[in-house]
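Novice: Structure below; questions to follow.
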Amino acid sequence: MQSGGSWLGVSEQGRFAVVTNLRGYGGPDPERVSRGALVKDALSGERRDPDLPGTTLEEFNPFNLIVVDRGKAVFASNRPEPVRSPLAPGVYGLSNGALDEPWPKTVRLKQRLLEWIAGAATQPELLLDDLRDESLPDRGMRTAPPSDVPQEPPLSPIFIHNPIYGTRCSTVVAVDDRGQGLIIERRYSPAGENVGETALSFSWQG
């Protein structure tokens, strides 16, 4: 709302983008460009798309970014140093650490997604129920430096129930092999109550 960007988006031109922040590097620097601009620009195909030469990733606060453009996926990050790399077909997990860092909640969601894909792969709204999981693992694992929380995973369930820094929405984007897509978002109050849900269809044909 402040900078006109987003954390996740889809365009009908065959693009998808999602950004997360990175823990362990302090609070955001207000003098830097909003990370939400990465999503907006990737969806519109403007200069900060990670596939374009001349992009300056250092101008942003710490982030992870995944961009899909016409069937090709790219991962980009600017900490601990700038990186852009294509993603081969597969299942990936991304939280507020490194790509595929095996936090328990990330591993759990990847497992559930694989089960959904291996099954009928219908009713993507069922995945929203997995995103509502508030359970904590019996034990955590020490995160890789420079995480600012010694054992992030046991302190961070999939769904964070907190009136200040809690989950406010969960979103699922699904696109089939014909380019027909659906984006579903479920919204929550500060008390963790379901306050609404929106589903929009789109097409990547052509």
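The values are calculated or read from the model by the stated rules, or taken from the named source; none is laboratory data. Every value quoted in this text rests on a predicted model; they were computed, and no experiment measured them. Methodologically, a virtual Cβ is constructed for each residue, glycine included, from the backbone with ideal geometry; neighbour enumeration extends over all protein chains shown.
Novice: Across the range 184-198, what is the number of residues that are β-branched (Val, Ile, Thr) and under 19 Å from the mean Cα position of the chain (by Cα)?
Specialist: Looking only at that region, the number is 2.
Novice: Follow-up. Looking only at the range 175-189, count how many residues are outside any strand (DSSP E or B) and at pLDDT 95 or above.
Specialist: Within the range 175-189, residues that are outside any strand (DSSP E or B) and at pLDDT 95 or above number 1.
Novice: Confirm whether Leu99 is in a loop (DSSP other than H, G, I, E, B), among the hydrophobic types (A, V, I, L, M, F, W, C) and under 22 Å from Ser156 (Cβ atoms).
Specialist: yes
Novice: On to the next question. Check Arg139 against each of (1) more than 30 Å from Glu197 (Cβ to Cβ); (2) of a type in the set (D, E, K, R); (3) at pLDDT 90 or above and name the one condition it does not meet.
Specialist: Among (1) more than 30 Å from Glu197 (Cβ to Cβ); (2) of a type in the set (D, E, K, R); (3) at pLDDT 90 or above, Arg139 violates only (3).
Novice: Looking only at residues in the range 66-123 that are surrounded by 16 or more Cβ atoms within 10 Å (Cβ to Cβ) and without any contact (Cβ under 8 Å) to a residue 12 or more places away in the chain, which one is nearest to the chain's Cα centre (by Cα)?
Specialist: Asp100
Novice: Right, next: Within the range 10-48, how many residues turn out to be farther than 15 Å from Trp204 by Cα and not in a loop (DSSP other than H, G, I, E, B)?
Specialist: Total meeting the criteria: 12.
Novice: Same structure again: Can you tell me which condition Trp103 does not meet? The list is (1) at pLDDT 90 or above; (2) closer than 16 Å to Tyr92 by Cα, and all the others hold.
Specialist: For Trp103, the exception is condition (1).
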